[in-house]
Structure formats: C-alpha cells, structure tokens
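Here the structure comes first, spelled out in structure tokens, and everything after it is commentary.
The values are calculated or read from the model by the stated rules, or taken from the named source; none is laboratory data. Bear in mind the structure is a predicted one, so any value in this text is a computation, not a measurement. Reconstructed Cβ throughout: ideal geometry from the backbone, glycine too, with neighbour counts over all protein chains shown. Keep in mind that these areas ignore ligands, DNA and RNA; they rest on the heavy atoms of the full protein, side chains included. Shrake-Rupley method; radii C 1.70, N 1.55, O 1.52, S 1.80 Å.
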Amino acid sequence: MRPGEPGTSRAGGLDLRRLLLENGALSALVVLVVAMSLLSGDFLTTQNLLNVGVQAAVTAILAFGVTFVIVAAGIDLSVGSVAALSATVLAWSATKEGLPVWLAVLLAVATGLACGVVNGLLVSYGKLPPFIATLAMLSIGRGLSLVISQGSPIPFPDSVSKVGDTLGGWLPVPVLVMVAMGLVTAVVLARTYLGRAMYAIGGNEEAARLSGLRVQRQKIAIYALSGLFAAVAGVVLASRLASAQPQAAQGYELDAIAAVVIGGASLAGGVGKASGTLIGALILAVLRNGLNLLSVSAFWQQVVIGVVIALAVLLDSVRRKAGAAPGAPAGSTSSGTGRKGPQALRYTLAAVVAAAVIAAVSLWNNGSSGTSTKVGLSLSTLNNPFFVQMKEGAQAEARKAGVDLTVTDAQNDASQQANQLQNFTSGTMGAVVVNPVDSDAIGPAARAANKADIPVVAADRGVNKADVATLVASDNVAGGRQAAKALAGKLGGKGTVVVLQGTAGTSASRERGRGFAEGIKAFPGIEVVAKQPADFDRAKGLDVMTNLLQGHPDVDGVFAENDEMALGAVKALGGRAGKSVSVVGFDGTPDGLEAVADGTLYASVAQQPKELGRIAVRNAVAVADGEKVPSTVKVPVKVVTSANVKDFR
C-alpha cells in the first residue's frame with residue numbers, strides 16, 4: 001500500500017495513539033516542566049534541574065522496589081521505615097560498634113533484605129493481606145530504628161557519606177545511583193524469569209499457580225527485592241544528611257506508591273514499568289521544587305500537589321480506557337477518528353487545568369513586591385502553634401521591610417528541609433532563614449548555600465558544620481532547667497513527676513529534656529517515674545497521659561516539652577489539673593497562656609516565637625544588604641505563671 005492511501009494514514013494515526021497511550025505520565029511531566037519554566041525564571045537552569053534529580057532520587061529508588069510488588073498485585077507500606085532502619089544499622093555498626101565500613105554496608109543491605117523476606121513470608125505462608133503485613137513491618141522497622149539509635153541521629157561514616165556528594169563538583173552521586181537502580185529494575189522486569197513471574201502473578205495469580213509457577217516463593221523474592229531497594233534508598237538519604245535519622249523517610253512509602261501509580265502501574269497488578277516509575281518520581285520532585293521557587297504557601301502546596309497528582313493519574317487512566325475500549329475493526333473509519341476530538345479535548349483540558357492551578361495559586365500567594373531582596377524561610381513544621389506564630393512574626397517583619405518572604409514547611413522531615421534549602425539556593429534569594437528539623441542533618445544543605453554565597457540565618461536551633469551569619473534562638477536547655485525549678489518549687493521539692501517528650505530525635509526534644517533532667521537533679525525529693533514521647537501533639541499528649549495515669553495514678557506533677565502536649569495532659573487529668581497535679585509546659589502559645597490564666601496549667605516557659613521570627617528576618621535582611629550582625633542573638637525565655645501571665649497576652 002502506497003503512503004498516500006487511506007489505510008496508511010489510519011495506521012499512522014493508530015501508532016500515534018498507541019504512543020500517547022503508553023506515555024501519559026511523560027505528557028504530564030512535560031506539561032509541568034513547561035508550566036514551571038514559564039512561571040519561574042529560576043526553574044530551567046542546570047543547577048536547579050540537578051537539584052530536581054537529587055530530590056527525586058530517594059523516592060525513585062524506593063518506588064522502583066515498590067514497582068515489583070505492585071506489578072505482582074501487592075503493596076508495601078514498610079519501605080520508608082525499612083530505609084530508616086537500614087541507614088541506622090549502618091551508622092550504628094560503623095560508628096558505635098566500630099565495624100569496618102564495608103561490613104556495616106553489608107549489614108545494612110542484609111537488614112533491608114531480611115525485612116523484605118519477613119514481609120514475603122507473612123504474605124505467602126502467613127496468608128496475611130499485604131496491607132496488614134507491611135503495615136506491621138512499618139511499625140516494627142521504625143521502632144527498631146528508634147531502639148538502636150535511642151531516638152538520636154547517628155553520624156554517618158565519612159566514606160559512605162560520599163554517596164550524597166557530587167562527582168567533578170557538579171554531577172550528584174544520588175542521581176547516578178537512581179539511574180543505576182532504574183536500569184536494574186528495567187532488566188529485572190523485562191529480562192528475567194522473576195520479572196515475568198511478577199506480571200503473571202499480578203495478571204492472574206490462580207492461573208500462574210496452575211501453570212506451575214511457585215507463587216509463594218516468587219512473592220518472597222519480590223518483597224525481598226523491595227526491602228533491598230529500600231535499604232539502598234536509606235543509605236542515599238542518610239548520606240545526603242550526613243547522619244542516620246531514626247525518624248527519616250516518614251510518609252515516603254506513600255510518595256513511592258504515588259510515583260508508581262502516576263507512572264502508569266495498576267494497583268490491581270500486572271501493569272508497570274521502570275521508566276514510568278521514574279517519571280512519576282520526577283513529577284513529584286518537579287512539583288515540590290517548582291512550588292518552592294514560585295513562593296507558593298506551604299499550606300497550598302499540599303493542595304496543588306494533590307490536585308496535580310490526581311490529574312496526572314486521571315489523564316493516564318482516560319488514555320488507557322480509550323486504548324482498551326472495544327472499537328471497530330482496524331479498517332473501519334470509526335476505529336478512532338470519531339473519538340479523537342473528544343480525547344484531544346480531554347487531554348488539553350487536563351493539561352490546561354494543571355498549569356492553571358499552579359499559576360493561580362502562585363499568583364495568589366506571590367506578593368510580587370518588585371523588590372530585589374528575597375528571603376527564604378524553612379520552618380521545621382507548621383503543625384504546631386509555636387512555629388505558626390514564628391511564621392506570623394517573620395511575615396510581619398518582611399512586610400515592614402518590604403521584602404519578599406517565601407515560607408516552606410519541612411513537616412519535621414530533615415530530608416524535605418534539605419530539599420527546600422537546595423531550592424532556595426537555586427533561586428535568587430538574598431538570604432535564607434532555617435529553623436532546623438535537626439542541626440546536623442541540615443549542615444550539608446547549609447554548606448551548599450555557603451558555597452553559593454547566600455547567607456544563612458539559623459532560627460531557634462543551630463546549624464552544625466556550616467557557616468551561619470547569626471543564630472537567633474532561645475536557650476532550650478536553660479528553659480528546661482527553668483521548668484524543672486518552677487515545677488519543683490510548686491511541689492515543695494517532693495513528689496513524683498512524669499515527662500511527656502517531644503518527637504524522638506528532634507533537637508528541641510533532646511535539649512529541653514536534657515535541661516529538665518539537669519535541673520531536677522537539684523531536688524532529690526522529686527522522682528521522675530515515667531518518660532514517654534507524645535510527638536509534640538495535643539491528641540497524643542492526651543492518650544499518653546491517660547495511659548501513664550493507669551500505672552501512676554498518684555503522680556504529683558507533669559512536665560511536657562511543649563504546650564500542646566501539656567494541654568493534652570490537662571485534658572487527661574480533668575479536675576485534678578491545677579489542683580492536685582501541677583502541669584508545666586513549654587513555648588508560651590496562646591492556648592497555653594490561656595490555660596495558665598485559667599489555672600489548669602501551672603506554668604509555661606515562654607519563648608516569644610513571634611519576636612523570634614521578627615528578629616530572624618530582620619537579621620536576614622541585614623546580611624543580605626551586606627551589613628554585619630552579631631553571631632548570636634538570644635531571645636529571652638521566661639517562666640509564665642498566673643502571677644505574670646497578663647504581661648504575655
């Protein structure tokens with residue numbers, strides 16, 4: 001048949017349609033890149049694109065492992081915890097136990113493999129649903145990581161930390177590891193017996209079993225591979241942070257699953273490929289990177305990411321349904337021509353809506369003051385009134401100074417915060433203010449800002465192994481001592497006390513707890529009968545305090561490492577709070593001060609977070625303008641009781 005004849009045209013149309021069907025996620029990625037490039041002049045630069053690759057690396061490696069499981073119609077919710085556990089095992093065995101680094105690396109990999117094998121055994125022979133089996137491993141892995149590390153970050157061996165560095169000063173090693181693991185995934189899926197078994201099991205497990213496939217053994221191997229990839233991801237993540245964080249990679253399992261699904265895999269099994277998973281991980285990284293550069297509100301970022309993920313999957317789903325829909329015979333003119341218009345319209349609308357959502361939220365949140373000075377502020381979390389107040393103080397000072405302030409929320413994730421500082425470094429920031437999740441983990445990202453000649457101001461917590469223009473902070477250790485003195489004074493130097501601790505591994509929890517422990521030693525008549533973490537959360541404070549009261553019903557006092565947990569403890573104590581049981585909190589939040597005024601909370605160590613935010617931004621603007629600032633600026637902490645609470649409200 002000659003090229004000009006109608007049949008060839010139809011065949012060409014079908015080839016184009018097939019190409020579109022197989023690359024829905026790629027189309028979404030291209031749309032996002034184009035949209036971000038048009039909206040931000042800082043996006044399409046070599047350095048920023050490398051940053052996107054680095055930020056996608058951990059999620060992509062985890063997602064490659066999860067791809068095996070999802071293709072086989074399973075699910076793995078444990079990969080984030082397994083990654084943290086493997087990294088913790090490596091750091092602990094190499095630094096605490098003195099094992100050779102090569103042996104520590106093998107031990108870390110073996111840990112990931114073992115966790116995967118256990119998952120496979122529970123699913124195959126224990127007959128547990130994959131959701132339940134891996135959910136159990138999620139909790140076990142995280143718990144073991146905390147047990148081994150005692151809740152504190154462990155420095156990573158220098159030789160292994162090079163995995164988080166660059167080659168030749170510009171090519172990131174995490175990107176190379178990501179590419180290598182992607183190639184391994186592609187080969188396993190397309191060229192091995194195990195890969196064919198995954199597709200067979202995911203397509204129809206019973207048919208695979210009847211055809212002679214040893215399904216149970218194959219599932220163990222599949223989950224073992226997922227654990228192995230999680231271990232590699234954990235090593236890469238810890239290398240970037242120069243420390244093993246026991247709370248690292250929380251929620252990463254959801255990002256990994258999202259990347260696989262965005263990449264075109266089906267949760268029903270039987271469908272999925274490595275290239276699609278990589279594209280899915282890149283979509284997530286591009287979104288987070290671009291939204292940081294566009295100064296989109298930290299709260300709106302969550303909304304935008306959710307909408308764009310849904311649109312990307314919807315676009316791919318529509319394309320797949322169009323390709324799978326029963327049509328007319330190949331030679332019929334109705335085989336696709338009648339649907340091309342509506343399909344093209346759907347694709348165009350999806351792309352336009354994705355770009356419009358990004359642009360609208362960007363313009364809505366971007367003050368566009370037209371000034372040449374921009375300041376980035378990365379907060380450890382905005383799920384806490386203290387840091388919300390810090391943000392409000394920082395924004396008020398920025399408006400007063402006439403500068404553009406971009407605020408991001410690290411959600412208590414040291415890796416996410418490192419990504420945010422990288423994004424600030426890629427932009428045109430005059431200075432960066434960081435409130436570290438962990439002082440050690442933020443060091444490498446802060447050094448990168450130093451290298452780019454962007455001044456760094458530390459707020460509330462210090463930055464280790466990097467140059468900071470100034471540290472604006474309250475003294476958490478001193479505050480803990482003051483809390484101990486206040487509580488001991490109220491109890492007359494005698495009694496039993498319980499301590500509600502913050503999120504394990506965070507510097508705020510460590511420092512406040514250390515200060516309280518040091519201060520309470522001066523009162524031998526007071527016994528600390530229990531210490532339990534409640535993650536700086538009011539609801540968890542309520543639950544933990546309720547449980548502690550079962551074992552210690554006659555407790556006389558409570559020290560909570562922030563006001564949110566203190567208010568949860570007050571709720572658990574009911575009528576005893578402020579009467580037979582004295583509760584001391586930390587932070588001086590509005591709700592905490594209200595409780596002090598009401599008498600249910602005896603005292604709170606007030607840090608004046610709004611003032612802290614104001615001073616941090618004020619110093620950031622000064623250093624951006626080339627002015628000299630003090631190396632340390634202390635914001636005083638004060639114990640607030642009913643006697644002086646009116647001075648703080």
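Worth pointing out:
- Overall Cα dimensions of the stretch 509-551 - principal axes, largest extent first, Å: 31, 24, 10
- Overall form of the chain per C-alpha gyration tensor (a/c, 1.5; a/b vs b/c): prolate
- Long-range HN-HN contacts of Val528 with modeled amide H, under 5 Å: Val497
- Sulfur and carbon atoms: percent of accessible area, the chain [1.4 Å]: 59
- Karplus (6.51, -1.76, 1.60) ³J(HN,Hα), θ = phi - 60°, over the stretch 208-216, in Hz, Gly and Pro reported as x: 5, 5, 5, 7, x, 6, 7, 4, 5
- For Ala268 and Asp625, the difference between the fully extended length at 0.36 nm per residue and the C-alpha to C-alpha distance is 122.9 nm.
- In terms of overall dimensions, the C-alpha atoms belonging to the stretch 368-440 reach 32, 28, 17 Å along their principal axes, ordered largest to smallest.
- A quarter of the convex hull surface defined by the alpha-carbon atoms of the stretch 120-167 gives 5.5 nm² as the mean projection.
- Gain in span if fully extended, Val30 to Ser139, counting 0.36 nm per residue against the direct Cα distance: 35.5 nm
- Sequence-ordered 3J(HN,Hα) estimates for the stretch 54-61 from the Karplus curve with 6.51, -1.76 and 1.60 and θ = phi - 60° stand at 4, 6, 7, 4, 5, 4, 5, 5 Hz, glycine and proline given as x.
- Tensor-based shape of the stretch 390-514 (alpha-carbon gyration tensor, a/c under 1.5 rounded, otherwise prolate or oblate): prolate
- Anisotropy class of the stretch 12-162 from Cα gyration tensor, a/c 1.5 cut: oblate
- Counting only protein heavy atoms and a 1.4 Å probe, the stretch 483-561 has 44 square angstrom of accessible area per residue.
- FRET efficiency for Glu392 and Ser211, using Cβ-Cβ distance with R0 set to 45 Å, rounded to 0.05: 0.10
- Relative to the longest principal axis of the Cα atoms of the chain, the long axis of helix 507-520 lies at roughly 20 degrees.
- Note on Phe131 and Gln47: the model spin-label points, each 7 Å out from Cα along the C-beta direction, lie 4.6 nm apart.
- If R0 equals 25 Å, the separation of the Cβ atoms of Leu183 and Lys162 corresponds to a calculated FRET efficiency of about 0.75.
- Per residue accessible area in Å² of the stretch 581-626, where ligands, DNA and RNA are left out and the probe is 1.4 Å: 28
- Label sites at Lys96 and Ala643, each approximated as a point 7 angstrom past Cα along Cα to Cβ, lie 4.3 nm apart.
- Residues whose placed amide H lies under 5 Å from that of Gly270, excluding near-sequence neighbours: Ala72, Ala73, Gly202, Gly203
- Probe 1.4 Å, accessible area per residue of the stretch 170-245, Å²: 41
- Interchain or long-range residues, amide H under 5 Å from Ala244's placed H: Ile154, Phe156
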